[in-house]
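Structure, as C-alpha cells:
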Amino acid sequence: MDNLFDVIVVGSGVIGSSVAYHLSESKKHEVLLIDKGFPLSGTSGSTQAWVWVHSKTPSWYGELSMLSAELYPFLEKKIGDVEYKRTGGIAPFFNEAERESALRLAEKQAEVGIEIEVLNREEVLEKEPSLSPEIAGATFSKIDGNVNPFRLVELYVKAARKNGVHCSFYNPVNDIEKSGDIFQVKTQKGSFRSKKIVLAGGPWSKELGKMLGMDMPVKQVRGQILVTEPLQPFLKYTIGGIRQADNGEVLIGYSKEEVGYDRRSTLDVMQQTARMAIDFIPALSKANIVRCFSGIRVMPEDGFPILDEVPGMEGAYVIAMHSGITLSPLIGTLMTELLTEGETSINLSRFSLERFNGIQSR
C-alpha cells in the first residue's frame, strides 16, 4: 500500500477503531489504523463494558454520556449486533444520609434530560430482589446498560476495513516527526506519512505525546475484575459495580489503582471486590470465582475527556479518556466532524488541552 494517508489513527481500541470507522463512512479519506498489538489486547478487551450515564457528574459530563448512549441503537444498524442492552442501571446506597446526595444528583441531571428515580429500599428490592435488604435505597435510570466489547471493537474494525481503512497491527510506533504539513510515523514495520494524525493510544498516551514533544496530562489506572462461574440468570439490571453477562457469568469490580502499567491481579483487591459483591448481593457468597483479570485505563488528570488538537502542532489530535465504551459512538462522530469540517456539532471547549497548565509542543 502507498505510505501516504489523509489520516493516521494510532491505537485500535474502542476509541481509535470508532474514529477510523466513522471517518471511513464517507469513503473520501485514506485512513491507516495502527496498533502496537491487536484491537482487543489492551483496555477495550479488559473491561466491564458498561454504557453508564446516570451518575456521571457534573451534569455536562452526564449529558455527553447520554448523547453517546443514544447513538448505540443507530450504530448497531450500521455495523451489526454489538449486544447492546439498555438494561437500566441501579446504584445502591447503604445509609439514609446518602439519600440527600441522591436527590441532588437527580435534580441536577434532570436539567440536561437525564431521568433518575431515587428509590427506597422496598422499591429497589422490588426491581432487583437479589440485592441486599441492608441497602437503604438506590438511584435508578432506564438509560444505563452494557455492551459486548469484543463484538463492538471487532465490528468497528470490520466495518472500517470494508470501507477501505488500512490496518497495521502488531506494529509499535517508534517516533513521530513533522516536516512541513506532513507527519512521518516511524514504526517497527516502516514509515508512513499523513496529513493528519490522531493519537488514541489509551494507556500509552503519555509515551505517544512525548513523540510530539508534549507532556500528556494523563495517568495509568488499573482496574481489577472478578468473574464467577455461569449462574442462572438472576440480575435484571446493570448494578454499579456488578453485571451479569448473557452466558450467566457475573462480572464484579471497579477498583482504581495507580500502579503504572501493571496488569497483575492482587489478592487484597480481589478480596475487597469479593466483599463488595457479597455486601450488594449476598447470594454471591455461594458462587465460585473462575477467573480474574485487570485492565489499565488512561485517566486524564482531572478525570474528564481530552479531545483536542495539540497546541503548536497543526493537524495532530489527541483523544484520551476513561469510559471509552460509553463514549465511543459520540467521540468517533465528533472527531470525524473535527477532521473533515474543522468544527463540531457539540462545543468541545471543555475537552481542550488548554485547561491544563503548561501544555506545550515543540
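Here is how the numbers come out for the structure above:
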{"quantity": "Only one of Val259, Val227 that is among the hydrophobic types (A, V, I, L, M, F, W, C) and open to solvent by 20 Å² or more (accessible area, probe 1.4 Å)", "calculated": "Val259"}
{"quantity": "Answer residue from segment 67-90, given it is in a helix (DSSP H, G or I) and among the acidic types (Asp, Glu) and is surrounded by the most Cβ atoms within 10 Å (Cβ to Cβ) among those", "calculated": "Glu76"}
{"quantity": "Segment 241-256, residues that are charged (D, E, K, R) and either open to solvent by 30 Å² or more (accessible area, probe 1.4 Å) or at positive phi (or both)", "calculated": "Asp246, Glu249, Lys256"}
{"quantity": "Single match in Ala283, Ala277 (criterion: open to solvent by less than 20 Å² (accessible area, probe 1.4 Å), part of a helix (DSSP H, G or I) and farther than 23 Å from Leu40 by Cβ)", "calculated": "Ala277"}
{"quantity": "Positions within segment 104-119 being open to solvent by 80 Å² or more (accessible area, probe 1.4 Å) and assigned to a helix (DSSP H, G or I), in sequence order", "calculated": "Arg104, Glu107, Lys108"}
{"quantity": "Unmet requirement for Ser41, which otherwise passes all of (1) under 16 Å from Gly240 (Cβ atoms); (2) open to solvent by 30 Å² or more (accessible area, probe 1.4 Å); (3) among the hydroxyl-bearing types (Ser, Thr, Tyr)", "calculated": "(1)"}
{"quantity": "Number of the condition not met by Glu207 [criteria: (1) more than 17 Å from the chain's Cα centre (by Cα); (2) touching a residue at least 12 places away in the same chain (Cβ under 8 Å); (3) under 25 Å from Leu327 (Cβ atoms)]", "calculated": "(2)"}
{"quantity": "Test: residue in segment 44-59 that is at pLDDT 95 or above, open to solvent by less than 40 Å² (accessible area, probe 1.4 Å), in a helix (DSSP H, G or I) and in contact with a Phe, Trp or Tyr (Cβ under 7 Å, 6 or more places away or on another chain)", "calculated": "no"}
{"quantity": "Unique residue being among the charged types (D, E, K, R) and either closer than 30 Å to Thr187 by Cα or open to solvent by less than 30 Å² (accessible area, probe 1.4 Å) (or both) when the list is Glu128, Glu122, Glu98", "calculated": "Glu128"}
{"quantity": "Hits in segment 174-210 (condition: out of contact with any helix residue (DSSP H, G or I) (no Cβ under 9 Å at 6 or more places or on another chain), within 23 Å of Lys28 (Cα to Cα) and of a type in the set (D, E, K, R))", "calculated": "Asp181, Arg193, Lys195"}
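For every residue, the table says whether it meets (1) under 30 Å from Ser179 (Cβ atoms); (2) in a strand (DSSP E or B).
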| residue | (1), (2) |
| --- | --- |
| Val290 | no, yes |
| Phe293 | no, yes |
| Tyr317 | yes, yes |
| Leu334 | yes, no |
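Table: residues versus (1) small (Gly, Ala, Ser); (2) at pLDDT 95 or above; (3) touching a Gly at 6+ places or on another chain (Cβ under 9 Å); (4) in a strand (DSSP E or B).
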residue: Val157; (1), (2), (3), (4): no, yes, no, no
residue: Ala160; (1), (2), (3), (4): yes, yes, no, no
residue: Gly164; (1), (2), (3), (4): yes, yes, no, no
residue: Tyr170; (1), (2), (3), (4): no, yes, yes, no
residue: Asn174; (1), (2), (3), (4): no, yes, no, yes
residue: Phe192; (1), (2), (3), (4): no, yes, no, yes
residue: Val198; (1), (2), (3), (4): no, yes, yes, yes
residue: Gly213; (1), (2), (3), (4): yes, no, yes, no
residue: Met216; (1), (2), (3), (4): no, no, yes, no
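The values are calculated or read from the model by the stated rules, or taken from the named source; none is laboratory data. Keep in mind that what you see is a predicted model, and the values were worked out from it rather than measured. Reconstructed Cβ throughout: ideal geometry from the backbone, glycine too, with neighbour counts over all protein chains shown. Heads up: the accessible areas ignore ligands, DNA and RNA and are worked out on the full protein's heavy atoms, side chains in. Shrake-Rupley method; radii C 1.70, N 1.55, O 1.52, S 1.80 Å.
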